[in-house]
Amino acid sequence: MAVLLLAAGGAGAWIYQNLNGNIHSADLDDKLGADRPANMSPGSKNILVVGSDSRAGDNGKYGKGLTTMQSDTLMVMHVAANREWATVVSLPRDSWVGIPACDRGNGTTSTPHHFKINEAFAVGGTSGDVAGAAACTIKTVEQNTGLRIDHFMSIDFQGFKGMVNALDGIEVCPETAIHDKKAHLDLEAGCQTVKDEKALGYVRTRYSVGDGSDLGRIGRQQEFMEALVAKAQKKLTSPTALYGFLNSATKSLTTDKELAGVTPIAALASELKGIPGDRLAFLTVPNYAREADVPTDKANVVWQYPQAADLFASLARDKEVDKKSLEAAGKNPVYATTIQVRVLNGTGKQGRAAEVAEALRTAGYTVIGTGNAPHGTARTAVTFPQGLDRQAKALASRLPGTRATQDSAAAPGSVTLTVGEDFDGLR
């Protein structure tokens with residue numbers, strides 16, 4: 001959409017004037033707090049993109065039983081400082097993560113807890129305020145990735161359908177028939193052009209395709225959006241067609257204050273237009289089924305470490321990520337439950353080891369004992385015996401600023417976590 005807004009500049013000021021008022025603004029300045037990740041790569045941009053699952057207004061037909069705001073799709077787009085590459089990372093909505101305390105917008109504050117990542121949008125949007133929903137989502141993403149989010153964009157069902165319809169549909173090629181009542185979709189196998197409800201149903205369907213996970217849906221969404229962009233660039237050559245597409249998109253678009261307008265979005269597009277296609281990467285954060293750590297949880301995924309931490313650390317430092325290498329590294333995950341951890345208290349604060357041990361158990365780790373370190377320590381440390389380097393690195397990567405160090409005197413079979421005064425929880 002941003003690229004097309006840039007192209008619209010040559011079609012006349014009337015397009016800008018009519019579209020500019022469509023975009024909604026969310027004021028986030030006083031909602032994010034001061035405890036945020038540092039900006040480690042000035043000049044780069046991290047943009048949080050949310051597909052809103054709101055059931056308000058015309059979206060009510062998709063399920064009126066929901067009483068809170070919802071987010072259906074969650075992505076972070078990193079734009080390099082040199083504007084020569086960009087990476088889009090999809091965060092599965094079923095990601096089991098820590099949700100920080102958030103202002104609900106109704107005079108109450110939520111309690112920090114663990115749940116699906118998309119719940120953050122609902123918690124912050126309890127009162128129906130998009131700014132609150134966006135703020136809680138940003139806080140959640142920042143806490144779990146270490147990335148500083150610079151901008152926010154949200155678009156809902158109606159805007160998506162309008163963009164597809166303005167292009168006379170998008171061709172999809174499902175290998176098997178799809179019949180999904182929840183997504184309002186009945187689609188036969190084979191290549192066909194979909195628009196309106198079928199297009200929306202295709203990118204929303206989940207339970208009736210493959211293994212029913214959110215991961216398959218993410219793949220379909222990425223393929224669909226790539227096809228949509230390609231067709232838009234080819235088809236929207238007249239001002240009338242271009243206006244119809246952009247009018248649908250902008251009417252359902254909400255951004256932070258800095259991006260709320262055609263001019264700033266077109267400016268962003270101007271920065272992006274020179275990025276070659278082979279340097280625009282679409283990734284999904286490495287993950288595995290949480291069932292591997294918690295057998296009773298068959299519905300969620302957890303991020304895979306150290307791969308997820310390495311991915312976000314690279315983006316934070318504005319370092320381009322090699323998609324093939326990332327995917328190859330994730331083929332043999334280290335499950336949290338296979339990591340045996342001994343927790344030692346190096347803070348001098350009574351009960352600290354027990355507190356951290358409980359947090360580790362909640363995250364799926366196998367805690368085999370707790371105790372006190374022989375002396376106090378300011379910095380948290382992870383040590384391991386020979387042969388447990390992968391397990392130690394997986395744990396250390398979840399503790400910002402902590403490295404795993406081999407210790408020849410360490411007892412075999414387990415990793416030791418010495419909790420220092422700087423310990424600030426698991427990422």
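Things worth noting here:
- Of the strands (runs of 3 or more DSSP E) lying entirely inside segment 82-132, the ones with 1 or more residues being over 30 Å from Pro42 (Cα atoms) and at pLDDT below 95 are found at 113-116.
- Enumerated strands (runs of 3 or more DSSP E) restricted to segment 281-382, each holding at least 3 residues that are not assigned by TED's automatic domain parsing to the domain that holds Asp94: 340-345, 366-372
- With respect to the conditions (1) part of a strand (DSSP E or B); (2) in contact with a Leu (Cβ under 6 Å, 6 or more places away or on another chain), Met153 lacks only one, and its number is (2).
- Residue satisfying all of: in segment 366-392; of a type in the set (Ser, Thr, Tyr) and touching a residue at least 40 places away in the same chain (Cβ under 8 Å); surrounded by the fewest Cβ atoms within 10 Å (Cβ to Cβ) among these: Thr377
- On inspection, Phe152 passes the criterion of being closer than 15 Å to Ala26 by Cα, out of contact with any Pro (no Cβ under 7 Å at 6 or more places or on another chain) and buried (at least 22 other Cβ atoms within 10 Å of the Cβ).
- Number of residues in segment 229-265 that are buried (at least 19 other Cβ atoms within 10 Å of the Cβ) and either of a type in the set (S, T, N, Q) or not in a loop (DSSP other than H, G, I, E, B) (or both) equals 16.
- Among the criteria (1) surrounded by fewer than 19 Cβ atoms within 10 Å (Cβ to Cβ); (2) within 27 Å of Gly425 (Cβ to Cβ); (3) in contact with a Lys or Arg (Cβ under 7 Å, 6 or more places away or on another chain), the one Thr126 does not fulfil is (1).
- Every condition in (1) buried (at least 16 other Cβ atoms within 10 Å of the Cβ); (2) in a strand (DSSP E or B) holds for Thr405 except the one numbered (1).
The values are calculated or read from the model by the stated rules, or taken from the named source; none is laboratory data. These numbers were taken from a predicted model, which means no experiment stands behind them. Backbone-built Cβ (ideal geometry, glycine too); neighbour counts: all protein chains shown.
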